[in-house]
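Values in this text are rule-based calculations from the coordinates and carry no lab data. Keep in mind that this is a model prediction, so the values were computed, not measured. For neighbour counting, all protein chains shown are included, and Cβ atoms are generated from backbone atoms with ideal geometry for every residue, glycine included.
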Amino acid sequence: MTLIASSNNPRKGQAIILFTLMLGTVFVPMVGMGIDGVRAYLVKAKLSTAIDGAAIAAASSLSSGSGETAQAANAVATATEVADSNFPVGYFGSSLQSGSPTVCVDPGDGSNPCGLGTGGTVNTYKKRTVVITAYATVPTLFMRIIGYPTTTVAATGQASRRDVRVVLVIDRSSSMTSIDSDTGNTAIVDAVNQAGIFVGKFAPGRDELGLVVMGGSAIVAYPPRNPANDPTLLSSFTAPDTNWNSASPSLPYLITQIKGGSNTGTAEALYLAYMTLKADAATNTALPDMLNVIVFFTDGLPNGITTFANDPNGTSLKSTSPCTYRTSGSTHPMKAWFAQWNGDTPNDSQGGKGLFTPMMTTQYPGTSGNDIVKWMQNPGTDNNIATNTDNCSFDNPSSNNDYISHDFSKIPDQDLYGNRTNFDTTTTPALYTYGTYYANAGGIAYNNTKINDSYQVGLASWNAAADQSWKIWNNMIYNSATRTIIADPNPIDPVIFTIGYWHTSEQPDATLMNIMANTTASPIVVSTKMHGQYFQATSADQVNQAFADIASEILRLAQ
Amino acid sequence: MKKKGRQGSAIVEFALLSPFLFGTLIGLWVYGPQLISNLQIVQTARDVASMYSRGVDFSTSANQAMITRLGEQLGLQSTGGNGVVILSTVQFIGPLQCAQFSSDSCGNSGKWAFTNRIVFGNTSLRSSNLGNTTCTLNTDGSLNLVDTVTNGCAAVPNTALLGGLGTPNDSVNGFKPGQDAYVVEVAANTGWTSAVPWTSSVGYAFAIF
């Protein structure tokens, strides 16, 4: 009653007053926090997307530019563009503070300009990191009523690009001089164009590139080799460097000079590429932090090897050979290559032709100093190691007596670099039995005494290439001083990509390409090692695609 | 009488206040789930783009399943469902790209062109803001490089989404010709899609990596 008596209707309108009070103190803040909070989260999510995308694109852009400074500038510009693309102006009414994100590139030299930290668990060596930070101001809808007209959201992203070391191997064998039907160019002209574009995707000043060119004999074209050095020794090799674009002659220029011709010495080329890749493995502590890659392009089957025919520790020459080199292996070492000349038909009474001087150890005739451009331009200068006065049958190619069968008693057991011509492992049969040669011939076994049989030379060449691959994937290396294959004291873990170009009747062997790349399709795959990839191309366009895919893959792995 | 009068005023007051209350509640009920769904769409686009740009092959059902689990609340499925994921890799074709196919006419010179396109989910829900390619796709969604560079079927029909990247130029800092841009678009029905369809709309987000 007191309540009623004292009221005289005083609670009329109280609900509205209370509601109005609640509106300002409870309702709007609660709803505002809900609605404005979700909006802010949306803007933050969008900003994070923009910054993540910008960081990844910027790290990718570190490949473009003539030097490290230009590459960093390119990354900064790319980051801003990609961030802008992802974060539309006025997204939920928001705007980027300062108009653009803050982009910082850590060069990985310990200077730590972006505050990533150094030492301890922070390993930035041989790695550049792009760090991006952005703040956005978001206008509120409800919270402004109680004095909070805007809120700020922030996002940070980072992406890294590891420096890469790549050795590119280009097959220039004579089959590369045939015409590509889809371009009208010779295959070597197309390959040269494609390889030039490929190397253009790497960063001068940071990435380290090397080049090996392969015919019957292979040569390290970049970095420059010294013909006086013994290529069977790891110490003779120089690791790829970052000056490949500015050196004289530069690596891109050397690629443009490659002409087609000669045979296919796959084992030697792979050996040279691997030795170049790991030349400084014992001393370069940065090597494990880099991505080490071999890209191997070939259009045919291995058909030749480089050997030490009169090796004092195991000659392959006939005792009846009149060749005066025969008995003087230490002073006249027959370190030279031979190859099939007319296909791989079994029992063709031909066998290997040779012996020719390896490009690695021979100064280009008539030159002094850096002869590498000449070797690029003239694949046909396969000089015989002997002269007519040496009484070696192979010294006179014009008389067609240059088949090694005249002087050899057997196909050598190994090539000059310790790659065995007939090798099986404890778990696999002889490697050559996986190959196309063997399958096409209906499974004729290897017989190293059939020296006048081109098919047998093919098997030996195939097996040598597979054995070099086996050594790479099992961390083994050839010790030429003791002529033994030993555990590699400084192994590296490379990634190998292979491109097999099927454009003539003689097609590369997919199995060998898979063995070389250690793909899961390899019959001797080593599962603990990085799997590369085999690209099979049947046209110049597909070779183009393969090079582009490999570059993308390398740069992706580098992130 | 007094009691009766007070009762009446409470009803009137409630009637006066109810539009605010119910309006706010309905607003929250309708737009809250939409905002949350949109947040999920943006996050999904970001996550997919992060993986796509690092080489995850979304043409395989296993990798698509990864995304459908990620977007389970959105109703994403490999086929059909409440959402669609559109993946495109594009690049700007410049002189160096044309030089790769010097014997062909460089039909896409100075244009953005597709190098990869993968779509999964409810493909009728929404189309790509970039438009589509009519080129033949390989099983992994890739286009043959020769098509990307030379064939008009690979040209990106609508480049507005890529406007922020400007016109890539080999001699100007920034996004370069031949550089892959990974564009992920995610669209899904938002709100109370099945229970109260009128509260539903198609949310969309993109990410460019």
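Rounded if a/c is under 1.5, else prolate if a/b beats b/c, else oblate: with a ≥ b ≥ c from the C-alpha gyration tensor eigenvalues square-rooted, which is the stretch A:111-198? It is oblate, given that a/c is not under 1.5 and a/b is not larger than b/c. Put simply, the C-alpha atoms of the stretch B:55-122 give a gyration tensor, and the ellipsoid matching it has half-axes of 35, 11, 9 Å, longest first. Placing a label point 7 Å from the Cα of residue A:89 along the Cα-to-Cβ direction, the residues of the stretch B:163-184 whose backbone N falls under 17 Å from that point are B:163-167.
Any number yet on Rg/Rh for the stretch A:13-162, C-alpha, Kirkwood? Result: Rg/Rh = 1.20. Within the stretch A:420-556, the percentage of alpha carbon pairs spaced more than 27 angstrom apart rounds to 27%.
Against the 2.2 N^0.38 Å scaling, with N counting residues, where does the protein assembly as shown land? I'd like the Cα-based Rg ratio to two decimal places. Ratio of Rg to 2.2 N^0.38 Å for the protein assembly as shown: 1.25. Cross-linked pairs A:374/A:410; A:126/B:111; A:278/B:176; A:126/A:529; A:201/B:111; A:127/A:374: Cα-Cα separations exceed 28 Å for A:374/A:410; A:126/B:111; A:278/B:176; A:127/A:374.
Packing-based ranking of B:78-91, A:54-67 yields A:54-67, B:78-91, ordered from highest to lowest mean Cβ neighbour count within 10 Å.
Across chain B, C-alpha contacts under 8 Å between residues 6 or more apart give a mean separation that, scaled by the residue count, equals a relative contact order of 27 percent. Working note: Cα gyration tensor of the stretch B:2-208, eigenvalues times five, square-rooted, sorted largest first, giving semi-axes of 48, 19, 13 Å. At an R0 of 56 angstrom, the distance between the Cβ atoms of residue A:520 and residue B:18 translates into a FRET efficiency of 0.25. When each of the peptides A:143-154, B:152-163, B:109-120 is scored by the mean number of other C-beta atoms lying within 10 Å of its residues, the order from highest to lowest reads B:109-120, B:152-163, A:143-154. The share of Cα pairs per 10 Å bin across the stretch A:178-306, counted from zero up to the longest distance, runs 12, 41, 36, 10, 1 percent. Judged by the ratio a/c of the largest to the smallest principal axis of the C-alpha gyration tensor, the stretch A:164-557 counts as rounded, that ratio being less than 1.5. Normalising the average separation of contacting C-alpha pairs (under 8 angstrom, six or more residues apart) by the number of residues puts the relative contact order of chain A at 13 percent.
FRET efficiency for the pair residue B:66 and residue B:139, taken as 1/(1 + (r/R0)^6) with r the Cβ-Cβ distance and R0 = 22 Å, rounds to 0.75.
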